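These notes are about the structure you will find just below.
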Amino acid sequence: QNPTPVLQAHALRKRYPKAKGWLEALKGVSLQLFRGEILTLLGPNGAGKTTLVKILAGLVEPDGGRVEVLQEGKRTWMGAVLEGNRNLYWRLTALENLIYFGTLRGLIPKEARRRGLELLETVGLAEKAQQTVGTLSRGQQQRAALAAALVHDPPILFLDEPTLGVDLEAQEAIRTWLLRLKEQGKAVLLTTHQMDFAEAVADRVAILQEGEVVLEGRTQEVLEGSPGAPYRIELQ
Ligand code: ATP
């Protein structure tokens, strides 16, 4: 493993106003992400995973702490797939989406089209290139969103719940693809509720609970090291 991190988060804090006072969504989270690794964030609902990913991806400003992107350090170089609408325009075709996102992030249209077609092929959606995203299955949309996040070839990729609601076949495709990205030297940070998926792809895991990293380490050590630990019960 390359000892130089591509991204470092220092003491990130985020709070949201609530009826009385504040909700402390992140209470000082620090982490490092390395080239050629997959780091998985696990944790129960409301632990702060999405908030953390959004801050790391530069979509939300923290109330405290900072994010340092090292090496090829431009924020525009990151790719992100967030939970929910899967970040695509549903009335555009899969290929049009990829061309749109590619040009938005600095590619010339011809190059965006070439990369778009190549990526759709890679994620097994070549035949769906001309289909509007709204007519694709959830798993296909998720794979199209992954392709869109990668169209400009970012060295760092953030994925919030990439396997949420997708079928087993799509999960397998996403898993294979993530391992390939890792081999290419990309740094991937993802969140999931699925312990088996985390076990299958992650080099390291960090467990987030109530806005704090309560446990972090190599996947095997964290997930298999202490059977019966409280986080296991809460996550299942
Ligand atoms: P899940 O697994 O359910 O997606 P999570 O670990 O991703 O949860 P977050 O979505 O980051 O957790 O939420 C952390 C806490 O912050 C939750 O209590 C949530 O209700 C709250 N929260 C998140 N976004 C906002 C917001 N925009 N305004 C107010 N509260 C928010």
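The values are calculated or read from the model by the stated rules, or taken from the named source; none is laboratory data. For clarity, every value in this text was computed on a predicted model and none was experimentally measured. Every residue, glycine among them, receives a Cβ derived from its backbone with ideal geometry; neighbour counts consider all protein chains shown. Note: areas computed on protein heavy atoms with side chains; ligands, DNA, RNA excluded. Shrake-Rupley method; radii C 1.70, N 1.55, O 1.52, S 1.80 Å.
A few notes on this one:
- Of the trypsin sites (Lys or Arg not before Pro) found in region 1-46, the ones in coil according to DSSP and having at most 16 other Cβ atoms within 10 Å of their Cβ are Lys18, Lys20.
- Value of relative contact order over region 19-156, rounded to a whole percent, pairs C-alpha under 8 Å and six or more apart: 25 percent
- Dipole of the chain, positive end: most advanced residue of Ala144, Leu59, Pro155 [Cβ charges, Cα centre]: Leu59
- Among Asn45, Asn87, Asn97: highest mean-square fluctuation, GNM of the chain, C-alpha pairs under 10 Å: Asn45
- Exposed loop sites here are GluC sites (Glu not before Pro) assigned a DSSP state other than H, G, I, E or B and surrounded by at most 16 other beta carbons within 10 Å; excluding them, the longest clear run of the chain is 84-209.
- Region 141-229 - Rg over Rh from alpha carbon coordinates, Kirkwood radius: 0.97
- GNM flexibility winner over the chain from Leu56, Leu23, Leu189 (Cα, springs under 10 Å): Leu23
- Mean-square fluctuations from a GNM of the chain, with a 10 angstrom spring cutoff on Cα atoms, peak among Trp177, Trp22, Trp90 at Trp22.
- Solvent exposure of region 148-206 amounts to 33 Å² per residue of accessible area, where only protein heavy atoms count and the probe is 1.4 Å.
- Equivalent ellipsoid semi-axes - Cα gyration tensor, the chain, angstrom: 29, 20, 18
- Rounded to 5, the percent of DSSP beta bridges in the chain classed as antiparallel: 55 percent
- Estimated from helices alone, the mean residue ellipticity of the chain at 222 nm is -10500 deg cm²/dmol (sum of -39500 (n - 2.57) over DSSP H runs with n ≥ 4, per residue).
- Dipole moment magnitude, nearest 20 debye, the chain about Cα centre, only Lys, Arg, Asp, Glu C-beta charged: 820 debye
- 0 to 90° range, to nearest 10: angle between helix 138-150 axis and the chain longest Cα axis: 90 degrees
- Percentage, to the nearest whole number, of Cα pairs in region 95-207 over 24 Å apart: 22 percent
- Length released on extending from Asn45 to Arg138, taking residue separation times 0.36 nm less the Cα-Cα span: 31.3 nm
- Per residue, in Å², the accessible surface of region 1-64 once ligands and nucleic acids are set aside, probe 1.4 Å: 47 Å²
- With every protein chain in place, the chain: carbon and sulfur % of accessible area (1.4 Å): 50 percent
- With each label modelled as a point 7 angstrom along the Cα→C-beta vector, the Arg175-Gln8 pair spans 3.5 nm.
- Degrees between helix 109-122 axis and first principal axis of the chain (Cα, 0 to 90, nearest 10): 70 degrees
- At an R0 of 25 angstrom, the distance between the Cβ atoms of Arg114 and Gln194 translates into a FRET efficiency of 0.15.
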